[in-house]
Amino acid sequence: MKISEDKLNRIKEEILSTMFRNSPNALFAAEIAHHIIRDDEFTKKLLLELEEKKLISRVSKNNDGVDYTKRLRWRLTTPVYQAYEKLNSQNVFYDEKEHTYA
């Protein structure tokens, strides 16, 4: 099944919005997939695309400074976080039901 570019972009926006709502915590791909109700592998593919665009970054170490061997956590880059914070301070909210900003 092929998903249109528009729908892929909306899903990516949903991923970024989920990550912003959970900031400053970095999330595992499985946690993000659970929040946006998508398959883990599909979500990981989108996360890698977002990383290429420098919208998110990998967290490769746990809180004790030990490298993850099998999984990665993800967080928003600083400029993206600041952009979402600015939208939030202007009372622009993401409507999860409609997948739009109001």
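Readers should treat all values here as calculations from the given coordinates under stated rules, not as data from a laboratory. Keep in mind that this is a model prediction, so the values were computed, not measured.
May I ask for the percentage of alpha-carbon pairs in region 5-101 that lie more than 17 Å from each other?
On the way: 2326 of 4656 pairs.
It works out to 50 percent of all Cα pairs.
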Legend entry - Per-selection metrics, region 22-63 (Cα): Rg and Dmax in Å: 10.3, 27
